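The values are calculated or read from the model by the stated rules, or taken from the named source; none is laboratory data. Just so we're clear, the structure is a prediction, and the values are computed from it rather than from any experiment. Ideal geometry is used to build each Cβ from the backbone, glycine not excepted, and the neighbour counts take in all protein chains shown. Only protein heavy atoms, including side chains, enter the accessible area calculation; ligands, DNA and RNA are left aside. Shrake-Rupley method; radii C 1.70, N 1.55, O 1.52, S 1.80 Å.
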Amino acid sequence: MNANYVILCIDDEETILDSLSMELSGCFPGVELELVQDNAEAEELARELLAEGLEIPVVVCDYIMPGRKGDEVLAAIHAIAPKARTVMLTGQSSLDGVTKAINRANLYRYIAKPWDRDDLILTLQGALESYVQDATIQRQNAELKELNEGLERKVEERTAELRAANAELAEANRTSNQYLDIIDQHVLICRIDKAGAIVYVSEAFCRKSGFERQELIGRNYWQTLYFNLSESRIREIMTTLERGETWQGEIRHQSKDGRDYWVHEIVSPDLVDESLVLGFTSIRQDITDKKAVEELSITDALTGLYNRRHFNSVLERELGRAREDGQRLAFAIFDVDHFKAYNDNHGHAAGDEVLKRIGRLLNERYRRGRDYVFRIGGEEFAVLLTVRRPDEAEAAAAGLVAAVEALELPHGHSPVSPCITISLGLRLISPDEAPVTVDQVFTEADTRLYRAKAGGRNRYVL
Ligand SMILES: [Mg+2]
């Protein structure tokens, strides 16, 4: 039993209190018994006990007392300790007092004097148990309430967290949808499955290619969009992709309605775990305008020399002019010896530097009004000079071959020389000979270039 329990007994007769004390002692182990004769003191004592942290589970009170009646005393105690079980002792059957006590003090039981000891003990035991049971239920209720409140708090917290996460997700979704929309509208993008079937195309891609989206989805990418490309070009791209590598390059495509457009295209494999190929993604950049400018241009972007296109018109014009003026022309084409080996070993950037250096050399050597220098292919150059005598042309050819070697650009992978060298074919055009076409002159110079190479390179052939 709770060690804080006190049973309060109030009676104006000392003998009654004595007999209560005697009969009850030892019946409720751990529970104290407080006996009060003066009912005015009883309230005071009840307050003191509660203030000390004790509990009053049961109050036993006589009915007939001087001053106040038992029901009034119990009502006063009930106001102080509302949970206490109240028991009234009545000397005569006074139903009036019992009724009042029931109404005002929540009377638990009344016991008639003289009482039967067992009945008294059982009654108080019942009162005590009822109090303890109530207290237990109340404690359990409080615990349940606390548990419930805790759960409610957790639910609220989780709800708030979920709401915040949802808001974040919605915002992220909105942003990524915006990005997807921008990509769709402005980026030429196409996704292809492993078998080559188109699974996604952007709106921008559709506009540029002239196809409707539904005309492309499910169709074979290569057959539908590369129809104007050569087999070998497609094979080159496929081979790169099959190695799991990204292919990129400039391609001239044709739209559905036959318009040509140029793109810089990047096709990369969509990999899982860096090996399993799911499909491919093609991203194209429209470079039609850039290509148009290039086509109008007469200079080669890398070396600044005249380009192949301008070469044709200049050669044609100069052949006619020299014939009219009775002048002699020297036409040479040359290329860099073992240039592929150079690129393979030093990289394309270094290769480009060599070409630029040769371009500068040509510009420095041939500055006269009727001298023309061209880059006509990868590592292939051409020179057109107006000369007075054939030996002047030969000297120019020999000088150029020597000058390139004298640049001392280390090669390291050429059996001809430690340095970069060239092989040159020379064709003289005399005003006396039968008229020749641009193609003839070119082919004949090219044949001599071939002979210069066959003859060991780093030389010229006239
Ligand atoms: Mg009395």
Kindly state, to the nearest 0.05, the FRET efficiency for ASP260 paired with ARG388, given R0 = 56 Å and r defined as their beta-carbon distance. 0.75
Which residue, LEU296, ILE189, ALA445, has the largest displacement toward the positive end of the dipole of the chain when charges sit on each Cβ (Lys, Arg +1; Asp, Glu -1)? ALA445
Positive end of the dipole of the chain, charges at C-beta (+1 Lys, Arg; -1 Asp, Glu), about the Cα centre: which of ALA165, THR240, CYS27 has its Cα farthest in that direction? THR240
So the carbon and sulfur contribution to the accessible area of the chain, 1.4 Å probe, in percent, is 50 percent
With every protein chain kept in place and ligands, DNA and RNA left out, what is the accessible area per residue of region 132-187? Probe 1.4 Å, answer in Å². 88 Å²
Helix 14-24 sits off the longest principal axis of the Cα atoms of the chain, rounded to the nearest 10 on a 0 to 90 degree scale, by 50 degrees
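From largest accessible area down, sort ASP300, ASP118, ASP11, ASP273; use a 1.4 Å probe on the protein chains.
ASP273, ASP118, ASP300, ASP11
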Between ILE64 and LEU276, what is the spin-label point distance in nm, taking each point 7 Å from the Cα along the Cα→C-beta axis? 10.0 nm
How high is the FRET efficiency between ARG158 and ARG233 when r is their beta carbon distance and R₀ equals 56 Å, given to the nearest 0.05? 0.40
Just grab the label-to-label distance for ASP289 and GLU316, each label 7 Å out from Cα along the Cβ direction, in nm (one decimal). 3.0 nm
Hits among aspartates and glutamates - C-alpha to C-alpha of LYS291 under 17 Å, sequence gap 8 or more where chains match: GLU250, ASP260, GLU265, ASP300
Nitroxide proxy distance, nm - points 7 Å out along Cα→Cβ at ASN220 and ASN103: 10.5 nm
If you average the C-alpha positions of region 165-239 and of region 295-332 separately, how far apart do those two centres end up, in angstrom? 44 Å
Relative contact order of the chain, pairs being alpha-carbon contacts under 8 Å that are 6 or more residues apart, as %: 8 percent
Using the Kirkwood radius over Cα pairs of region 297-461, the Stokes-Einstein translational diffusion coefficient at 4 °C and 1.567 mPa s, in µm²/s and rounded to a whole number, is 81 µm²/s
Estimated 222 nm signal from helices in the chain, with DSSP H stretches of n ≥ 4 weighted -39500 (n - 2.57), rounded to 500: -16500 deg cm²/dmol
The extension gain from ARG357 to ASP184, computed as 0.36 nm times the residue separation minus the Cα-Cα distance, is 57.9 nm
Expected field for LYS340, accessible surface area in Å² at 1.4 Å probe radius, rounded to 10, holds 140 Å²
Extension reserve of the THR447-LYS194 stretch, reckoned as 0.36 nm per residue once the Cα distance is removed: 86.4 nm
Going Cα to Cα from LYS83, which lysines come in below 30 Å? Please leave out same-chain ones fewer than 8 positions away. LYS69, LYS100, LYS113, LYS145
Longest site-free stretch - the chain; sites: GluC sites (Glu not before Pro), DSSP loop, at most 15 other Cβ within 10 Å: 53-211
Förster radius 51 Å - calculated FRET efficiency between ALA172 and SER430, Cβ distance, rounded to 0.05: 0.05
Would you work out the charge dipole size for the chain about its Cα centre, treating the Cβ of every Lys and Arg as +1 and the Cβ of every Asp and Glu as -1, and quote it to the nearest 20 debye? 4940 debye
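Can you divide the C-alpha Rg of the chain by 2.2 N^0.38 Å and report the result to two decimal places?
On the way: Rg = 56.4 Å, N = 462, 2.2 N^0.38 = 22.6 Å.
Relative to the rule-of-thumb radius for its length, the chain sits at 2.49.
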Out of every Cα pair in region 248-329, what percent are spaced more than 18 Å from each other? 66 percent
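Give a quick list of trypsin sites (Lys or Arg not before Pro) in region 97-194 that DSSP marks as loop, anything other than H, G, I, E or B, with at most 12 other Cβ atoms within 10 Å.
Sites meeting the loop and neighbour criteria: LYS194.
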Residues of type aspartates and glutamates that LYS453 reaches as a straight line, Cα spacing below 15 Å, ignoring anything fewer than 8 places off in the same chain: ASP335, ASP337, GLU379, GLU380, GLU444
Nearest 10 degrees, 0 to 90: helix 70-80 Cα axis against the chain principal axis: 20 degrees
Please tell me which of these pairs span more than 32 angstrom C-alpha to C-alpha: LYS194/LYS340; LYS290/LYS340; LYS256/LYS340? LYS194/LYS340; LYS256/LYS340
Convex hull per residue volume in Å³, alpha carbons only, for region 142-299: 183 Å³
For region 75-219, the Cα-Cα pair-distance distribution in 10 Å bins from 0, as whole percents, is 9, 17, 13, 9, 8, 7, 7, 6, 9, 9, 5, 0
Under 13 Å, Cβ to Cβ, from THR303 - net charge with Lys/Arg +1 and Asp/Glu -1: -1
With angles folded into 0 to 90 degrees, how steeply does helix 390-406 sit against the dominant principal axis of the chain? Use alpha carbons for both and round to 10. 30 degrees
Pairwise centroid distance, computed over Cα atoms, of region 1-66 with region 80-113, Å: 15 Å
